[in-house]
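Any read-out appearing in this document is the output of simple, stated calculations on the displayed coordinates, not a laboratory observation. A quick note: this is a predicted structure, and the numbers were derived from the prediction, not measured. Methodologically, a virtual Cβ is constructed for each residue, glycine included, from the backbone with ideal geometry; neighbour enumeration extends over all protein chains shown.
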Amino acid sequence: MHVRGYARGELRTLTEELAAKRDELAHLEAQLADEELALASLNAELAAFEGCTFAGSEFSTPNWTIGMLGWPKLRAERAATPEARSEAAQARAQANESYSAAHGKAAEVQPFTPSPDLKKLFREAAKRVHPDTASDDADRTRRERLMKEVNAAYAAGDEDALRRILADLDSSPDAVQGSGVGADLVRVLRQLRQVRNRISAIEREMDALKQSEIALLRKDVERAEEESRDLLAEIEATVRERIKKARGEHEALAVETKKHGR
């Protein structure tokens, strides 16, 4: 965007608006820093809880899945409500589906055949965001994040995602051409939009994390600790018993099958 000439009164108005928007931007950037910190802290806390709880345990990956599949059902049984049982059934179904997708025959690699349009969009996006063209460390960090998004969209064959990335680049502060108050104001307005969008995205991510299975488990563990109970020990004992029962049933079936020559 090129800047034209301004009358003195108009220039003063633009200068005052620019100052006000810069103040607003500074306030939002401080809020964004707090939001980023909260998100990073929650991720670290959940990772630490998962690590301390399951690291070195037979319930760590891949048997971690068994433990997590068991907990939604246990939670519903403890709640003893139809709603809770329904929620647990859905959670188990989703977890089973995810596990099967990751480990079953359905997870066999499918041929990747990118369309000409997908390749074209990828080349354009990669050219514009490649980290090697960064002007400083902050710009490199931003470009590396964008490049990950570009690669993910390409791997998923998502042309719309690549188009959104390119559209965001076109509307970014860096796309504004020219100098002076008018150009600076447009850049600040675009920065404000970016910061607001990022804050909204963080809030959505925080909400999703708080509803994740590991977050709900941590909350239940903390509540049990207030009641002087070791919920994890209870879960482990229950899951061990169920595994023992399942193994017994499997061995009995194997013996029966062998007996009948099948």
Rounded to the nearest 0.05, FRET efficiency between SER115 and ARG140 (Cβ-Cβ, R0 35 Å) equals 0.70
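Between LYS259 and THR238, what FRET efficiency follows from the Cβ-Cβ distance if R0 is 30 Å, with the result rounded to 0.05?
On the way: r = 32 Å, r/R0 = 1.06.
Efficiency for this residue pair is about 0.40.
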Put a dot 7 Å past each Cα toward the Cβ at GLU10 and ASP160; how far apart are the dots in nm? 4.1 nm
Let's test the formula: R0 of 35 Å, r as the Cβ-Cβ distance of ALA252 and ALA47. What FRET efficiency results, to the nearest 0.05? 0.30
How many nm is it between the label spots at ALA183 and SER200, if each spot is 7 Å from the Cα in line with the beta carbon? 2.9 nm
Karplus (6.51, -1.76, 1.60) ³J(HN,Hα), θ = phi - 60°, over the range 166-172, in Hz, Gly and Pro reported as x: 5, 5, 5, 5, 5, 9, 7
